[in-house]
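Encoded as structure tokens, the structure appears first; notes follow it.
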């Protein structure tokens with residue numbers, strides 16, 4: 001059975017697209033992903049986020065997982081079918097498009113890609129051994145387990161400051177390690193971090209190695225200006241140095257920029273393949289906010305609805321030239 005639209009990926013973008021597509025009676029199928037060792041999971045990055053204070057409608061803030069659960073319930077309410085699996089293969093060479101989940105194949109006239117992005121790790125061999133054993137990328141998930149301990153946060157952007165501030169609820173001290181001499185975070189997040197007496201900063205420094213066999217015991221630091229190395233005794237470390245778009249599934253099929261983000265037409269969510277639309281962090285490397293992701297999800301659903309209403313479904317060549 002060929003469906004009207006399949007949404008690959010969830011998060012604010014995919015779930016908003018699902019709400020709009022379902023309300024338009026397109027009966028969307030969302031392949032929302034599954035929890036994996038690489039950090040991928042249904043609901044996207046907000047499932048790993050602390051307090052969300054800048055999403056309209058929540059004057060007192062809301063936890064990221066709660067916001068995602070509400071969006072998910074709303075999408076289901078209007079008739080979205082949810083499949084908690086990961087898409088493993090796609091064929092966009094002809095319509096209907098085909099999406100594989102292991103051995104099962106699903107067909108659709110239109111496709112919305114909202115696969116988001118994932119956390120970038122430090123690239124240390126010890127990370128595999130210590131991830132989940134003192135090393136984490138999710139303060140919301142793991143912060144409670146570090147009550148009264150010495151913790152480090154690696155990074156200098158908004159996410160790193162959010163993690164550091166949240167962790168002061170539990171930690172005795174939080175040390176922020178940043179490779180530059182100034183933060184990239186927004187002004188308000190910088191002010192909050194600098195004003196917190198539990199947060200200290202180590203500038204111009206990178207993590208060269210992690211200490212500990214079965215449990216994190218410390219981090220080997222290198223000052224980039226002096227070349228000196230030292231060991232910081234910490235029992236918890238949270239990595240918050242950026243994200244990489246989840247676009248491996250579409251390599252060689254959908255146009256991407258040099259960093260792997262999907263390219264969409266100006267003023268649209270349309271990709272280079274006719275009938276395929278992209279929204280959220282998988283194509284947005286500029287704003288990367290929950291509200292902009294949700295907005296682009298709305299756009300993608302409307303673009304898909306209009307394309308289904310007016311597009312030539314008998315056309316087998318799906319390439320689009322802008």
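Any read-out appearing in this document is the output of simple, stated calculations on the displayed coordinates, not a laboratory observation. Quick caveat: nothing in here was measured; it's all calculated off a predicted structure. Positions of Cβ are backbone-derived with ideal geometry, glycine not excepted, and every protein chain shown enters the neighbour counts.
Based on the Cβ-Cβ distance from residue 214 to residue 77, what FRET efficiency comes out when R0 is 51 Å, to the nearest 0.05?
On the way: r = 46 Å, r/R0 = 0.89.
The calculated FRET efficiency here is 0.65.
When every alpha-carbon pair in the stretch 26-158 is counted, what percent end up more than 24 Å apart?
Details: 3958 of 8778 pairs.
Result: 45 percent of Cα pairs exceed 24 Å.
For the stretch 261-308, take the alpha-carbon Rg, divide it by the Kirkwood Rh, and send me Rg/Rh. Numbers along the way, then the final one.
Values: Rg = 10.0 Å, Rh = 10.6 Å.
Rg/Rh: 0.94.
Relative to the present Cα-Cα distance, how much length would full extension add between residue 93 and residue 128 at 0.36 nm per residue of separation? Don't skip to the answer; put the middle values down first.
Values: separation 35, 0.36 × 35 = 12.60 nm, distance 3.74 nm.
Extending this stretch completely gives an extra 8.9 nm.
Using only Cα atoms and rounding to the nearest 10 degrees, what angle (0 to 90) does helix 158-167 make with the longest principal axis of the chain?
Rounded to the nearest ten degrees, it is 60.
Express the relative contact order of the chain as a whole percentage, based on alpha carbon pairs under 8 Å and six or more residues apart in sequence. Please report the intermediate quantities before stating the final value.
On the way: 748 pairs, mean separation 67.8, N = 322.
Taking the mean separation of contacting Cα pairs over the length of the chain, I get 21 percent.
How long is the gain from residue 265 to residue 23 if the chain were fully straight, where each residue apart is worth 0.36 nm and the alpha carbon distance is subtracted? Could you put the intermediate results ahead of the total?
On the way: separation 242, 0.36 × 242 = 87.12 nm, distance 2.50 nm.
Length gained between residue 265 and residue 23: 84.6 nm.
Considering only C-alpha atoms, what is the centroid distance from the stretch 279-301 to the stretch 159-200, in Å?
26
Which ordering of 225, 173 is given by a fewest-first count of other beta-carbon atoms within 10 Å? Intermediate values should be presented prior to the final figure.
Details: 225 9, 173 16.
Neighbour counts put them in this order, fewest first: 225, 173.
Quick one: angle between helix 64-77 and the longest Cα principal axis of the chain, in degrees between 0 and 90, rounded to 10, please.
10
Quick check: convex hull over the Cα atoms of the chain, volume per residue in Å³, rounded to an integer? Write down the numbers at each step before the final one.
Values: hull volume 46.2 nm³, N = 322.
It is 143 Å³ per residue.
Say each of residue 169 and residue 228 gets a label point 7 Å from the Cα, pointing the same way as Cα to Cβ; how far apart are those two points in nm?
3.6
As a footprinting exposure proxy, order 141, 298 by other Cβ within 10 Å, with the fewest listed first.
The order, fewest Cβ neighbours first, is 141, 298.
Quick one: angle between helix 11-23 and the longest Cα principal axis of the chain, in degrees between 0 and 90, rounded to 10, please.
Relative to the chain, helix 11-23 is tipped by roughly 30 degrees.
Give the order of 128, 184 when sorted by the count of other beta carbons within 10 angstrom, beginning with the fewest. Display every interim value, and only then the final one.
Working: 128 11, 184 15.
So the ranking, lowest neighbour count to highest, is 128, 184.
Antiparallel DSSP bridges in the chain: what percent, to the nearest 5?
On the way: 26 of 57 bridges.
Approximately 45 percent, going by the DSSP bridge assignments.
Is the stretch 121-239 rounded, prolate or oblate when judged by the Cα gyration tensor, a ≥ b ≥ c being the square roots of its eigenvalues, rounded requiring a/c under 1.5 and prolate requiring a/b larger than b/c? Show your work: numbers first, answer last.
Values: a/c = 1.71, a/b = 1.12, b/c = 1.52.
Verdict is oblate for the stretch 121-239.
According to a simple spin-label model (label point 7 Å from Cα along Cα-to-Cβ), what is the distance in nm between residue 180 and residue 66?
Each label point is offset 7 Å from its Cα along the Cβ direction, giving 3.3 nm.
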